Amino acid sequence: MSKVMTMQEAISKNVESGDLLFVGGSQHGTPSAAIAEIVRQRINHLTVISILANTTLLIGEGLVDKVLTGYAMTDEKRSYALQRAKAVHNVSVTFKEYSHFGVALALFAGYMGVPFLPTKGHIGSDMMKYNENIQSIDCPFTGGQIGVIRAVVPDVGILHVQRCDAEGNTQKWGTLGVDHEGINSSRKVIITTEKIVDSDVIRRDPNRTIIPGFRVNAVVEQPFGAYPVHLVGCYNDGPSGFGAMRDQQSWENYVKEAIHGVKDWNEYLENLKKLNGDDFLENIKIKNPLKSEPVITGI
């Protein structure tokens, strides 16, 4: 059964105000186009869980109440997004910090359907003082203390990938971070992809499948859907984007150009080519992707 739809449909049908949202991509393949559509639709009061995924736009536009993340190392003094959320939208964002491994365990516990997973990694750390989802218990086998991380089950997860079929059988390669744990623990799943391929392509290379189609709610074909973040085998980082959003003017310019001044991500990409030349996107494409493409070539 085809689950292909537009980005507007995928977001409006599956993301609601108040959701716990998993955002995939750990400095690789962030679902930028999907994030832009959430901003366009003003879906707010979100709790976001991610590791090294660029959720700055959601925060700065006042759509996020709480962030569950690995070590964040940020505060209002150093983050214009946090300053903007409070000053413009009257939203003070709460952070719950784990280690990166702690986030992985929380999502993996949600994926497994268990209430928590044990770890030695957080015993003795200050994280237990500030995050009630990290505790310690008496180990029934050793008699000593063992750390436990409470399961997280996102209401919806969004992942951008190199390819999937129309049914949602999804493949991604390169740095995965917590993509596998996060997307499989999510109740609803949105996949945005560089290209939709025939199901036979997926079956020929099954080891790359990160989530099966029966778990997926929506598939959106969106070339350059991670721009300006890179995607292995497809394109390198763009020369500009989220990193430039450091003050009011640059922020508002980006939001106008990428979101409110266009009807969708494709129009934004076309405008980038008009501004920077027709070969702008071609220049960041991977010219020889053989090392990151499947072993079976020519498909």
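None of the figures in this text is laboratory data; all of them are computed from the coordinates on show. Owing to the predicted nature of the structure, the values given are computational and were not obtained by experimental measurement. Here the Cβ positions follow ideal geometry from the backbone for every residue, glycine too, while neighbour counts run over all protein chains shown.
Report, by chain and number, residues whose modeled amide H sits under 5 Å from the one on Gln145, excluding near sequence neighbours (fewer than 5 apart, same chain).
Here Cys139 satisfy the definition.
Pairwise over distinct Cα atoms, reciprocal of the mean inverse distance: report the Kirkwood radius of the range 2-64 in Å, one decimal place.
11.9 Å
If you take every DSSP beta bridge whose two residues both sit in the chain, what share of them, in percent to the nearest 5, is antiparallel? Don't skip to the answer; put the middle values down first.
Working: 15 of 44 bridges.
Restricted to the chain, the bridges split so that about 35 percent are antiparallel.
Could you work out how far the C-alpha centroid of the range 17-53 sits from that of the range 95-134, in angstrom?
Result: 21 Å between the Cα centres.
How far is the Cα center of the range 253-269 from the Cα center of the range 145-162, in Å?
What the calculation gives is 30 Å, centre to centre.
From the P(r) of the range 124-180, can you give the percent of Cα pairs sitting at distances over 20 Å?
55 percent
Aspartates and glutamates within cross-link reach of Lys172: Cα-Cα under 12 Å, excluding same-chain residues under 8 positions apart?
Glu194, Asp205, Glu293
In percent, what relative contact order does the range 7-144 have, based on Cα pairs under 8 Å that are 6 or more apart in sequence?
Worked out over the range 7-144, it gives 17 percent.
Which of the lysines could be linked to Lys86 by a straight reach, that is with a Cα gap under 19 Å, when you skip same-chain ones fewer than 8 residues away?
Within the straight-line cut-off, Lys86 pairs with Lys66, Lys77, Lys96.
Arranged from highest to lowest average of other beta-carbon atoms within 10 Å per residue, in what order do the peptides 114-127, 76-89 appear?
Packing proxy ranking, top to bottom: 76-89, 114-127.
For the chain, what does the helix formula give at 222 nm: sum of -39500 (n - 2.57) over DSSP H segments with n ≥ 4, over the residue count, nearest 500 deg cm²/dmol?
-8000 deg cm²/dmol
Counting only the backbone N, which residues of the range 42-63 are under 17 Å from the spot 7 Å out from the Cα of His89 toward its beta-carbon?
42-50, 53-63
In terms of Cα to Cα distance under 17 Å, which aspartates and glutamates are near enough to Lys129, apart from those fewer than 8 places away along the same chain?
Glu97
Past the 22 Å Cα-Cα mark, which pairs from Lys3/Lys188; Lys3/Lys195; Lys3/Lys287; Lys13/Lys188?
Lys3/Lys287
Which of rounded, prolate, oblate describes the range 32-181, given a ≥ b ≥ c as roots of the alpha-carbon gyration tensor eigenvalues and a/c under 1.5 marking rounded, otherwise prolate only if a/b is larger than b/c?
oblate
Could you give the length gained by full extension between Glu252 and His45, i.e. 0.36 nm per residue of separation minus their alpha carbon distance, to one decimal place?
72.4 nm
In what sequence, highest mean first, do 225-235, 138-148 appear when ranked by Cβ atoms within 10 angstrom?
225-235, 138-148
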